[in-house]
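We did not get these values from a lab; they are worked out from the coordinates using the rules stated. Keep in mind the model is a prediction, meaning the values are calculated, not measured. Counting neighbours? That spans all protein chains shown, and the Cβs are built from the backbone with ideal geometry, glycine included.
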Amino acid sequence: MRPRLVGIVNLTEDSFSDGGRYLDPELAIAHARDLARDGADVLELGPASSHPDAKPVPAAVQIERLEPVLDGLRDLGPALSIDATDGAVLRFGISRGVDFLNDVRGFPDEALHAALADARCSLVVVHSVLGEARASREAGLSPDRVIDAIERFFEVRLAALMRAGVAESRIVLDPGMGFFLGPDPETSLRVLRALPRLRARFGRPLFVSVSRKSFLRALTDRAVEDAGPATLAAELYAAFQGADYLRTHDVRALADALTVLQGLDREV
């Protein structure tokens, strides 16, 4: 089965790949429309960078960035997602009826869980080490520990969300990649190899975001702007391993590659 493609629209000043390019709502809307034409099934709007060195962005500013772009994309066609961690921003997304909420800390705020249970959107529960102490975060997870750590994380998060009344059918799992796991590239590679294990263990759709990530740049010694070939290789591998959603900056390249592989009668 072909994965759904999630096009990235960063409404930020300091995202590692394209920070500052789409702060203007009109530019963001035009970029999102390009991604939709290229084949995006989902458009994900990020009003604040999740990079640990990024400057905090107040919730009011994040909502101010999101509102005109959501208005401009209302009737475009692809599903809409908000990539945020602040409870006020997530509640705003619920009020606007977005199709997905993506929290890179895995929805840890129990005060928000009742609102999540009452909502209809899918929840992308992301595993990461971002919430850990700085020293631990910088060391990251070792390749030998990472899969067990991810499974324990998802067990806890799924139990909490379902206890609050969130239907399991609404939950999508993202094991995290790059700095979400730590600086060792092998850790991310181990996770990509283990996607079938995670699918079998939890029975939930898998959401994979490797686009231009640090582990690919470390492996290839390429700059962000030159990470396209490495990204495409990792995305296609994730598709073969059963990823249900692939979050990408370059929807056109990935859509074309998947189309060719399907034409060659490969299972994707």
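Scanning for something touching a Lys or Arg at 6+ places or on another chain (Cβ under 8 Å), under 29 Å from LEU258 (Cα atoms) and not hydrophobic (A, V, I, L, M, F, W, C), does the stretch 16-30 turn up at least one residue?
There is at least one residue in the stretch 16-30 that is touching a Lys or Arg at 6+ places or on another chain (Cβ under 8 Å), under 29 Å from LEU258 (Cα atoms) and not hydrophobic (A, V, I, L, M, F, W, C).
Just give me the residues in the stretch 47-66 being within 21 Å of GLY176 (Cα to Cα) and in contact with a helix residue (DSSP H, G or I) (Cβ under 9 Å, 6 or more places away or on another chain), in sequence order.
PRO47, ALA48, SER50, HIS51, PRO52
Spot the failing condition for ARG222; the list is (1) among the charged types (D, E, K, R); (2) buried (at least 20 other Cβ atoms within 10 Å of the Cβ); (3) farther than 15 Å from VAL6 by Cα, and only one is missed.
Among (1) among the charged types (D, E, K, R); (2) buried (at least 20 other Cβ atoms within 10 Å of the Cβ); (3) farther than 15 Å from VAL6 by Cα, ARG222 violates only (2).
Take the residues of the stretch 237-260 that are more than 22 Å from ALA28 (Cβ to Cβ) and out of contact with any Leu (no Cβ under 7 Å at 6 or more places or on another chain): which is surrounded by the fewest Cβ atoms within 10 Å (Cβ to Cβ)?
Among those residues, the one meeting the criterion is VAL260.
Quick one: PHE100 ticks every box in (1) in contact with a Lys or Arg (Cβ under 6 Å, 6 or more places away or on another chain); (2) touching a residue at least 60 places away in the same chain (Cβ under 8 Å) except a single one, so which number is it?
Answer for PHE100: the failing condition is (1).
Which condition number in (1) closer than 27 Å to LEU161 by Cα; (2) out of contact with any Leu (no Cβ under 9 Å at 6 or more places or on another chain); (3) of a type in the set (D, E, K, R) is the one that ASP174 fails?
(2) is the only condition that ASP174 fails.
In the list ARG152, ARG65, which residue meets the criterion of being exposed (fewer than 14 other Cβ atoms within 10 Å of the Cβ), free of Cβ contacts under 8 Å to residues at least 60 places away in the same chain and of a type in the set (D, E, K, R)?
ARG152
Could you grab the pairs with beta carbons closer than 6 Å, sequence gap of 6+ or different chains, first residue in the stretch 72-90 and more than 10 Å from GLU44 (Cα to Cα), second one among the basic types (Lys, Arg) and surrounded by fewer than 20 Cβ atoms within 10 Å (Cβ to Cβ)?
Correct list of pairs: THR85/ARG105.
Please give the helices (runs of 4 or more DSSP H) falling wholly within the stretch 171-268 in which 3 or more residues are over 26 Å from VAL156 (Cα atoms).
214-220, 228-240, 251-263
Restricting the search to the stretch 198-237, which residues are touching a residue at least 24 places away in the same chain (Cβ under 8 Å) and β-branched (Val, Ile, Thr)?
VAL208, VAL210, VAL224
Scan the stretch 89-134 for residues that are touching an Asp or Glu at 6+ places or on another chain (Cβ under 8 Å), of a type outside the set (Val, Ile, Thr), part of a loop (DSSP other than H, G, I, E, B) and under 19 Å from VAL156 (Cα atoms) and jot them down.
The answer is HIS127, and nothing else.
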